Amino acid sequence: MNLRYNVFALAAIAALSAGCAVGPKYEVPTSAANTVPATFKEQQGWTQAAPADALERGPWWTLFGDPVLDELAASIEVNNQNVALAAAQYAQARAVVAEQRASLFPTVSLDGSGTRSGGRGTGQTANNYRVDIGGSWEPDIWGRLRAGVTGAQASAQASAAELASARLSAQGELVANYIGLRQADVEKQIYDTTTEGYERVLQITQNRFDAGVTARSDLLQAQTQLASARADQLTAIRQRAVYEHAIAVLLGKAPSEFSLAPAPWTVTVPEVPLGVPSTLLQRRPDIAAAERRVAVANENIGIARAAYFPSLNLSASYGYGSSSVGGLFNASNNLWSLGLSAAQTLFDAGAIAARVEQTKAARDATIAQYRQTVLNAFADVEDQLAATRALAAQQELRRQASEAADQVEQQMINRYRAGQVNYTEVVNAQVTALSARRALIQVQADRQTTAVALIQSLGGGWSAGGLQ
């Protein structure tokens, strides 16, 4: 009984000592410059969206006002295989947390056995039956097990942030591909209209050639112009097919099983709410994942340091043993045991110290990665802000250039009919007009894709406050 008392007393002392954690206290690392800028450099002249919390009110792609896009983007989380992979990794990380947490509690086991033995020389047989219930527990005196649990929790949170990052990346890629597809639709319409105009000009040139008014070179130029426009029309069709196939893959479907009918292009460029740079640290899932990996590395230091101290293990068992089943559970046949074991490394030639230094260096590496992720995030936002402002100005200039080029083209065709200019001037005007139309479409698409990139740079409405 004295032994039993001593063992339970030691267990109580171990439980009370469980607060003796040897790991360093975790603090969220600062950014690379130790300060967060008050404003974005390229934010000057930026018009804040109304309402300013539009990104947090629901799916961000609805800001583009396209019902077809809304339906496609909403199915990304269900069907995209990259997102499914990240979701499975998150589930795995949560299971690791549960496994680590279980190590804090005792393990209990139930054993039963029955044997029959004998020998030819003795002519006797013996039976032996035994039933035992036992348990063992490793008191977490130095906080090694709790550090493992905390590290696993931080790792699971990093996986949750990586899941959000994968989801945001897939959504952004789908929206960008959808914009490209609608751009290809509009380009094909432009080439349809252009080839019709070139056919009319070719007929005019053919009539003038038949009448002996113009040279054969004018007719050949008109034919070349029409053939080139038809070839470019096929290029637009091919590009549309590539975008359609990419969207199918993002939705987890075979390209042969997916198609999108041509539809009007909703050229909406949403006003994106910026907030202040400090909010970026909470709104980007890649930053949150990097910070959680720092927390994991910090807990690994405590786990490595715990090897300096002895490990204790408590065990106990209670059971019955008998030569017959009927008398197995008699009080006189009970058996019990209590045990205490301790282990301490006395000499390892500095192996433990080396492992501690490894974990410290690993933590410093994750801090550097975190700071670089923050810097890249700020740069992403600045890049997209600069591009947004420049493209808005370019769109107005492209519109003016396209309208002027259309007028010049029509004037040159009319003057050619009247015999006032040669056909080379008509060709030059047509080439300029087509180029201006395509440039206008391109800048409209660029403005939308830049808005997508800006939303992604701001975290797409995600918040680190959602990490559990």
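From the Cα trace of the chain, what convex hull volume per residue do you get, rounded to a whole Å³? The partial results should precede the final answer.
Working: hull volume 135.7 nm³, N = 468.
Once divided by residue count, the hull of the chain is 290 Å³.
Less than 12 Å Cβ to Cβ from residue 87, Lys/Arg counted +1 and Asp/Glu -1: what total charge do the surrounding residues give?
Numbers: positive: 94, 167; negative: 77, 162.
Result for the neighbourhood of residue 87: 0.
If you average the alpha carbon positions of the stretch 220-246 and of the stretch 152-190, how far apart do those two centres end up, in angstrom?
Taking the Cα centre of the stretch 152-190 as reference, the centre of the stretch 220-246 is 28 Å away.
For the chain, what are the DSSP H helices with axial Cα length of 15 Å or more and mean Kyte-Doolittle hydropathy of at least 1.0?
Working: long enough: 2-16 (21 Å, 1.27); 81-102 (32 Å, 0.06); 144-210 (96 Å, -0.38); 216-250 (52 Å, -0.08); 285-305 (31 Å, -0.01); 351-417 (92 Å, -0.58); 423-457 (50 Å, 0.19).
For the chain, where a helix must reach 15 Å along its axis and average at least 1.0, the hits are 2-16.
Once fully extended, how much extra length lies between residue 263 and residue 372, figured as 0.36 nm per residue of separation less the alpha-carbon to alpha-carbon distance? Could you put the intermediate results ahead of the total?
Details: separation 109, 0.36 × 109 = 39.24 nm, distance 4.22 nm.
In short, 35.0 nm is gained.
Ordering 265, 137, 336 by accessible area with a probe of 1.4 Å, largest first, what comes out?
Largest accessible area first, the residues go 336, 137, 265.
For residue 116 and residue 98, calculate 0.36 nm times their separation in residues minus their Cα-Cα distance, and state this gained length in nm to one decimal.
2.3 nm
Round to the nearest 10 and report in Å² the accessible area of residue 131, as given by a 1.4 Å probe over the protein chains' heavy atoms.
Rounded to the nearest 10, that gives 40 Å².
Taking N as the number of residues in the stretch 386-468, what value does Rg over Cα atoms divided by 2.2 N^0.38 Å take?
Working: Rg = 20.7 Å, N = 83, 2.2 N^0.38 = 11.8 Å.
Taking the Cα Rg and dividing by 2.2 N^0.38 Å, one obtains 1.76.
List the extent of the Cα atoms of the stretch 380-419 along each of their three principal axes, largest first, rounded to whole Å.
Principal-axis extents of the Cα atoms in the stretch 380-419, largest first: 55, 12, 6 Å.
Would you mind classifying the stretch 115-186 by shape? Square roots of the alpha carbon gyration tensor eigenvalues, ordered a ≥ b ≥ c; an a/c under 1.5 is rounded, otherwise it is prolate if a/b is larger than b/c and oblate if not. Could the numbers behind the result be given before it?
On the way: a/c = 9.44, a/b = 2.71, b/c = 3.48.
Oblate, because a/c is 1.5 or more while a/b does not exceed b/c.
Return the Rg/Rh ratio of the stretch 75-162 with Cα-based radii and a Kirkwood Rh.
Working: Rg = 24.3 Å, Rh = 17.5 Å.
That ratio equals 1.39.
When N counts the residues of the stretch 306-444, how does its alpha-carbon radius of gyration compare numerically with 2.2 N^0.38 Å, as a ratio?
Numbers: Rg = 42.6 Å, N = 139, 2.2 N^0.38 = 14.3 Å.
Ratio of Cα Rg to 2.2 N^0.38 Å: 2.97.
Please list 99, 409 from largest to smallest accessible area, probe radius 1.4 Å, with all protein chains kept in place. Write out the running numbers ahead of the final one.
Values: 99 125, 409 25 Å².
Sorted by accessible area, descending: 99, 409.
Determine the share of the chain's accessible area contributed by carbon and sulfur atoms, expressed in whole percent, with a 1.4 angstrom probe. Can you show the working numbers first?
Values: 13500 of 24990 Å².
On the chain, the fraction of accessible area on carbon and sulfur atoms equals 54 percent.
Working only with C-alpha atoms, what are the Rg and Dmax values of the stretch 136-245, expressed in angstrom?
In Å, with Rg to one decimal and Dmax whole: 31.6, 108.
Dividing the alpha-carbon Rg of the stretch 65-216 by 2.2 N^0.38 Å yields what? Provide the component values of the computation, followed by the final result.
Values: Rg = 37.8 Å, N = 152, 2.2 N^0.38 = 14.8 Å.
That ratio works out to 2.55.
Based on the Kirkwood radius over alpha-carbon pairs, what value in µm²/s does the Stokes-Einstein equation return for the translational diffusion coefficient of the stretch 60-125 at 4 °C and 1.567 mPa s? Working shown, then result.
Numbers: Rh = 18.3 Å.
Here the translational diffusion coefficient equals 71 µm²/s.
Under the 0.36 nm per residue contour assumption, what length would be gained going from the current alpha-carbon distance of residue 343 and residue 317 to full extension?
Result: 7.3 nm gained on full extension.
Quick check for you: with a 1.4 Å probe and neighbouring chains kept, what is the accessible area per residue of the chain, in Å²?
On the way: 24990 Å² over 468 residues.
Ligands and nucleic acids excluded, the figure is 53 Å² per residue.
Under a crude label model (7 Å from the Cα following the beta-carbon direction), how far is residue 421 from residue 271 in nanometres?
The two pseudo-label positions are separated by 4.2 nm.
So for 110, 440, 274, what's the accessible-area order with a 1.4 Å probe, most first? Each step should come with its number before you reach the end.
Details: 110 130, 440 35, 274 0 Å².
Greatest to least solvent exposure: 110, 440, 274.
At 7 Å along the Cα-to-beta-carbon direction for both residue 408 and residue 241, put a label point, then send me their distance in nm to one decimal.
3.5
The values are calculated or read from the model by the stated rules, or taken from the named source; none is laboratory data. Keep in mind that this is a model prediction, so the values were computed, not measured. When we count neighbours, we look across all protein chains shown, and the Cβ atoms used for this are built from the backbone with ideal geometry, even at glycine. Surface areas here come from the heavy atoms of the whole protein model, side chains and all, with no ligands, DNA or RNA. Shrake-Rupley method; radii C 1.70, N 1.55, O 1.52, S 1.80 Å.
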